[in-house]
1. Straight-line reach from Lys322: which lysines have Cα under 22 Å away, leaving out those fewer than 8 places along the same chain?
2. With 10 angstrom as the radius, rank Met439, Met238, Met71 by how many other C-beta atoms surround their C-beta, starting from the fewest.
3. Can you give me the long-range amide H partners of Val464? Hydrogens built in the peptide plane at 1.01 Å from N, cutoff under 5 Å, separation of 5 or more residues or another chain.
4. Take every DSSP beta bridge whose two residues both sit in the chain, then give the antiparallel share in percent to the nearest 5.
5. Could you work out the local net charge near Glu417, counting Lys and Arg as +1, Asp and Glu as -1, over the other residues with Cβ closer than 14 Å to its Cβ?
6. Could you pull out every one of the aspartates and glutamates with an alpha carbon less than 20 Å from that of Lys48, ignoring same-chain neighbours closer than 8 positions?
7. At most 13 other Cβ atoms within 10 Å and a DSSP loop assignment: could you name the GluC sites (Glu not before Pro) in the stretch 371-456 that fit?
8. Can you sort Arg347, Arg360, Arg182 so the residue with the fewest Cβ neighbours within 10 Å comes first?
Amino acid sequence: MASVDYLERIPNNVNLRENRRLLRALEEWQPRYLSWWNEVGPEGYQAKDVYLRTAVSVDREGWAHFDYVKMPEYRWGIFLAESEPNRVIGFGDHQGHPAWQDVPGEYRGTLRRLIVTQGDTEPASVEQQRHLGRTCPSLYDMRNIFQVNVEEGRHLWAMVYLLQAYFGRDGREEADELLRRRSGDSDKPRILGAFNEKTPDWLSFFMFSFFTDRDGKYQLAALAESGFDPLSRTCRFMLTEEAHHMFVGETGVGRIVQRACELQREHRTDDIRRFGGIDLSTIQRYLNFHFSVSLDLFGAEVSTNAANFYTLGLKGRFEEGKKSDDHRLHEATYPVTTLEHGQIVSRDTPALVSLNERLRDDYIADCQRGVERWNQVIKRHGIDVELRLPHRGFHRAIGGCAAARIAPDGRLVSEAEWQAKQAEWLPTGEDQEYVASLMKPVVARAQFANWIAPPARGINSKPVDFEYVRLE
Ligand code: BYC
Ligand code: FE
Ligand code: FE
């Protein structure tokens with residue numbers, strides 16, 4: 001396998017030097033990528049030195065290099081996890097056959113659509129977050145969001161590599177379309193719903209990184225099982241970067257929770273807006289929103305698309321290799337939550353068409369573990385409140401529950417009750433205005449906005465008050 005060529009214009013371990021046709025396609029695409037970055041990437045700070053991590057190898061140990069970089073000079077590269085010799089397809093009709101090193105002709109369209117859907121989310125999130133550098137609560141946080149942004153940019157590169165290396169002309173066209181769609185644009189929106197929502201403030205950003213980047217983790221893990229080996233290897237490497245995005249989300253929300261508790265204790269009231277904090281009930285409403293829109297990203301509970309992806313060997317289950325069933329699932333069933341005659345019920349459903357729901361279940365369990373860690377923070381402060389994930393049917397736009405009004409506790413409610421309670425369950429205009437009013441940049445070293453606690457430690461063993469972004 002080729003070692004990492006870090007000196008090339010496009011750092012890579014796919015032997016670009018030898019593949020002139022692909023190199024040319026990528027070199028043609030690169031200026032378009034950079035103009036996209038300059039047009040809708042992070043607003044401001046493009047000329048500043050940011051202490052960033054860059055992928056320079058695919059070794060599990062030591063794959064990252066930390067240094068000051070100006071974002072437009074970031075070395076967006078193409079890295080695939082090491083190939084597993086003699087890898088075989090682990091599930092579906094082709095189980096046991098050698099993994100495909102080329103696109104299986106009959107599945108070309110389906111595979112391309114999966115790659116485009118995945119690829120589309122990456123630049124979308126950068127667009128959604130582009131204004132946030134301007135209102136960062138600290139230099140540490142500013143650095144973290146830029147880190148996430150450049151890596152989402154690299155994830156786009158990862159998918160564009162697949163399109164250009166394996167899909168010829170239509171792949172090149174899709175690669176260009178990925179730079180043409182825009183988050184929230186009514187004419188050319190991004191493909192999936194959550195990626196057209198606004199990320200207007202840092203509470204939303206941290207919730208997004210916790211809930212929506214975690215959808216990324218589960219989708220990438222399912223694609224990492226793919227019988228199409230280049231996709232599998234690409235996704236396996238992306239997952240190593242993804243962990244930091246979720247870390248940013250979990251610790252970000254955790255620090256806001258901590259600050260809320262400190263203010264609540266200090267002033268002996270949960271009405272902490274007077275003291276510039278974000279109260280736990282506001283945090284809960286934001287949580288409800290971001291969890292529910294992220295659940296939609298898994299698709300419908302019953303999906304023949306999902307069954308096909310699996311049967312064809314294109315997209316597996318989370319940790320497919322660790323499961324001990326037949327990996328074909330023709331006979332198996334899976335319990336699916338659905339709406340029947342105005343009731344929420346769990347129904348055993350053929351497992352193949354239930355794969356979206358199963359992946360969603362894995363995801364929900366992971367979210368629950370994070371919420372419990374936030375609750376530990378609250379408990380340590382002796383406060384008798386718990387954050388909760390709302391019911392999976394709450395506020396859904398995709399799937400069986402989208403047709404009903406479901407309360408966070410899982411009760412079916414009337415339209416009238418929904419309208420009356422919505423302000424308790426979802427962020428209100430007033431919440432958004434209040435949170436927006438807190439978004440004042442804090443860029444002095446060692447300083448943090450009043451609504452968020454400092455992190456427990458810095459990045460890459462640097463101190464918390466390190467100069468993560470050089471503003472001079
Ligand atoms: N919005 O059969 P169904 C990330 C459509 S995040 C709009 O249930 P399927 C990241 C669907 O296209 C991870 N439309 O759908 C995170 C279908 O249309 P057609 C992103 C939707 O195909 C943070 C129809 O409804 N990766 O990486 O089983 C920052 C029927 O639905 C939506 C992936 O998504 C929706 N939410 O499942 C940066 C992986 N849901 O065919 C990055 C690749 C469904 O009837 N994608 N529809 O016209 C997939 O695996 C699947 O496409 C989905 C949907 C899981 C998304
Ligand atoms: Fe990503
Ligand atoms: Fe991410």
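Here, each number is a calculation from the coordinates, and none is a lab measurement. What you are looking at is a predicted structure, and each value in this text was computed from that prediction instead of being measured. Every residue, glycine as well, gets a Cβ built from its backbone with ideal geometry; the counts of neighbours run over all protein chains shown.
1. Those lysines meeting the cut-off are Lys217.
2. So the residues, fewest neighbours to most, are Met439, Met71, Met238.
3. Gly458
4. 90
5. Charge balance in the 14 Å sphere: 0.
6. Reachable aspartates and glutamates: Glu39, Asp67, Glu73, Glu127, Asp141, Glu151, Glu152, Asp465, Glu467, Glu472.
7. The qualifying sites are Glu386.
8. In increasing order of surrounding Cβ atoms, one gets Arg347, Arg182, Arg360.
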